[in-house]
1. Within the stretch 247-273, can you find the residues that are over 18 Å from the mean Cα position of the chain (by Cα) and of a type in the set (D, E)?
2. Which condition number in (1) touching a Ser or Thr at 6+ places or on another chain (Cβ under 8 Å); (2) open to solvent by 10 Å² or more (accessible area, probe 1.4 Å); (3) β-branched (V, I, T) is the one that V91 fails?
3. Tally the residues that are within 15 Å of N70 (Cβ to Cβ) and either assigned to a loop (DSSP other than H, G, I, E, B) or among the aliphatic types (A, V, I, L, M) (or both), restricting the search to the stretch 101-122.
4. Would the stretch 262-269 turn up any residue that is open to solvent by less than 10 Å² (accessible area, probe 1.4 Å), in contact with a Pro (Cβ under 8 Å, 6 or more places away or on another chain) and over 26 Å from S144 (Cα atoms)?
5. Output the number of the condition that T239 fails; it satisfies all remaining conditions of (1) in a loop (DSSP other than H, G, I, E, B); (2) open to solvent by less than 10 Å² (accessible area, probe 1.4 Å); (3) of a type outside the set (A, V, I, L, M, F, W, C).
6. Residue under question is V140, and the condition is that it be under 18 Å from F332 (Cβ atoms) and out of contact with any helix residue (DSSP H, G or I) (no Cβ under 9 Å at 6 or more places or on another chain); does it hold?
7. Quick one: which residue in K163, K185 is over 21 Å from the mean Cα position of the chain (by Cα), buried (at least 17 other Cβ atoms within 10 Å of the Cβ) and over 27 Å from S286 (Cβ atoms)?
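The values are calculated or read from the model by the stated rules, or taken from the named source; none is laboratory data. Just so we're clear, the structure is a prediction, and the values are computed from it rather than from any experiment. Neighbour counts are summed over all protein chains in view; Cβ atoms, including those assigned to glycine, are modelled from backbone coordinates with ideal geometry. Surface areas here come from the heavy atoms of the whole protein model, side chains and all, with no ligands, DNA or RNA. Shrake-Rupley method; radii C 1.70, N 1.55, O 1.52, S 1.80 Å.
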Amino acid sequence: LHLLAGDSHLIDVVFGDKETVKIDNSTTKNGGESGDTNVNVGDYILHPAFTLGETELNGIWVGKFETGYNQDGDNGNPITPDNWTTEGAQVKDIASNHIIIKPNVYSWRNNTVKNFFMSAYEYKTELKSHMLKNTEWGAVAYLSHSAYGIGTEVNVNNNSDYKTGYSASAGTNQGTHPGDYGTDKTQMWNTPTGFLASTTGNITGVYDMSGGAWEYVAAYINGNTGSSGFNGSSDLTTTYKDYVDVYDATSSANSYDKRILGDATGELGPFLNYIEDNGTTYWHSSWYADSSAFVDASGPWFDRGGGWDGGVLAGQFYFARGAGGANANDGFRLVLSIA
């Protein structure tokens with residue numbers, strides 16, 4: 001990644017493999033840790049999404065859609081209109097056998113971070129499956145804004161039933177908060193309008209990066225697990241430490257300098273605090289005015305993408321915070337590692 005300062009612009013991406021140590025004659029650095037400033041404007045960095053603990057990866061497979069819940073998963077049956085509802089996709093449990101990644105299904109919501117995390121972790125252990133980390137979200141967001149992506153903000157999924165793979169219909173107002181939403185104001189993923197909600201601007205990309213369900217990511221404040229279901233942080237600092245991004249314990253709502261470079265948070269500044277049309281004050285980044293609230297003591301877990309009613313606040317560069325508990329608005333995304 002080639003880093004530049006200022007407002008939204010195409011991000012210069014050069015692909016390598018896990019043996020890459022230099023790109024041309026430029027300086028190559030790792031993404032670093034929370035608050036690391038050991039990178040200069042104009043440097044290339046090795047994106048942290050492609051390191052899992054001590055293992056350098058050749059790539060990651062990111063769920064094309066938000067994770068859905070197959071309500072008949074115990075019987076190994078395919079999902080059909082007869083066995084799923086938006087209410088039935090709200091399950092507070094660890095249930096890796098119910099995971100489904102498809103368009104036009106209901107996002108799995110209303111579960112704790114720990115249950116989401118463990119469901120993803122147990123899904124395909126041989127492929128090191130896991131809950132998407134904040135830095136991994138950043139990698140997808142960066143690619144969306146490179147020569148390999150759509151090069152602009154993706155369309156919001158404004159389907160108010162939390163169905164995956166939808167895109168706001170042409171003419172709907174997404175310039176305010178809330179934006180226009182509803183099951184009658186949205187188009188499916190495999191239509192020309194649907195392509196605008198893909199990170200590539202066509203059917204090959206990643207969907208639901210804007211709107212749909214808010215997405216918890218595996219990223220939290222050091223020593224503070226909130227209401228996630230994790231007992232303290234011991235498991236997260238031992239068994240699962242490679243599968244979480246850890247942020248400085250002093251992080252607060254606008255402490256953007258605590259970012260992990262590559263997570264698509266602090267590097268999106270400058271940030272402005274202003275009142276939206278609904279009368280509420282939000283921090284906005286300089287990248288499409290997406291909402292930009294950093295983790296803090298009361299909300300130690302990162303949330304990405306925004307919701308179906310997000311309008312101007314939602315986007316692939318949106319970030320916010322949550323306590324980690326079950327919430328009817330929050331889902332997650334699955335990742336597989338390629339060593």
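1. Correct list: D248, D257.
2. Unmet for V91, out of (1) touching a Ser or Thr at 6+ places or on another chain (Cβ under 8 Å); (2) open to solvent by 10 Å² or more (accessible area, probe 1.4 Å); (3) β-branched (V, I, T): (1).
3. Final tally of qualifying residues: 8.
4. So far as the stretch 262-269 goes, no, none of its residues is open to solvent by less than 10 Å² (accessible area, probe 1.4 Å), in contact with a Pro (Cβ under 8 Å, 6 or more places away or on another chain) and over 26 Å from S144 (Cα atoms).
5. In the conditions (1) in a loop (DSSP other than H, G, I, E, B); (2) open to solvent by less than 10 Å² (accessible area, probe 1.4 Å); (3) of a type outside the set (A, V, I, L, M, F, W, C), T239 misses (2) alone.
6. no
7. Residue meeting the stated conditions: K185.
Matching residues to (1) in contact (Cβ under 8 Å) with a residue 40 or more places away in the chain; (2) farther than 23 Å from D330 by Cβ; (3) touching a Ser or Thr at 6+ places or on another chain (Cβ under 9 Å); (4) among the aromatic types (F, W, Y):
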residue: N173; (1), (2), (3), (4): yes, yes, no, no
residue: L196; (1), (2), (3), (4): yes, yes, yes, no
residue: S228; (1), (2), (3), (4): yes, no, yes, no
residue: L261; (1), (2), (3), (4): yes, yes, yes, no
